[in-house]
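Beneath this line is the structure, given in structure tokens, with notes to follow.
Coordinate-derived values only; no laboratory data. None of these values were measured; they are calculated from a predicted model. Here the Cβ positions follow ideal geometry from the backbone for every residue, glycine too, while neighbour counts run over all protein chains shown.
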Amino acid sequence: MAIKYEWKITALKKAPSLDGLSDVVTHVNFVYTGSKGSGANKKVGEFNGACPVGAPDSENFIALADLKESDVIAWAQANHPVEHMQDVIAKAISEQETPTNVVVDSLPWGEEE
């Protein structure tokens, strides 16, 4: 089963005034999540990231009050390649599917007196 990826914008930073425009988004924080399976077998990995947004384009500028999450996700996608994030998420999911570092709760020789 393939990993399904999803973006979620968690925070924005802005410049109150920049290049003659008001409330210009300058930085995006996000969570990129990957999930595999469903129900009790669902495995999830996350990548928390941040990226700057390029210089504002007065012709295509969207006022902060009019932004949609899909607009900001498109900016994040353009400024933050997904390959590394997908590798990190795939590794986290693989570790859940086949754990390699499970803590041993009790030592086989018990407590020494």
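Points worth noting:
- Packing-based ranking of 10-16, 41-47, 101-107 yields 41-47, 10-16, 101-107, ordered from highest to lowest mean Cβ neighbour count within 10 Å.
- Helix 69-79 and the longest principal axis of the Cα set of the chain meet at an angle near 80°.
- When +1 charges are put on Lys and Arg Cβ atoms and -1 charges on Asp and Glu Cβ atoms, the dipole computed for the chain relative to its Cα centre reaches about 420 debye.
- For the chain, the longest principal axis of the C-alpha atoms and the axis of helix 83-97 are separated by about 30°.
- Full-extension gain in nm, Val88 to Asp66, via 0.36 nm per residue minus C-alpha separation: 4.6 nm
- Over segment 1-73: Rg over Rh, Cα atoms, Kirkwood Rh: 1.14
- Kirkwood radius, segment 37-113, all distinct C-alpha pairs, inverse of mean reciprocal distance: 16.9 Å.
- FRET efficiency estimate (nearest 0.05) - Cβ-Cβ, Asn79 to Ser22, R0 25 angstrom: 0.70
- Cα-based Lys proximity count in the chain, under 13 Å, for pairs eight or more positions apart or on separate chains: 6
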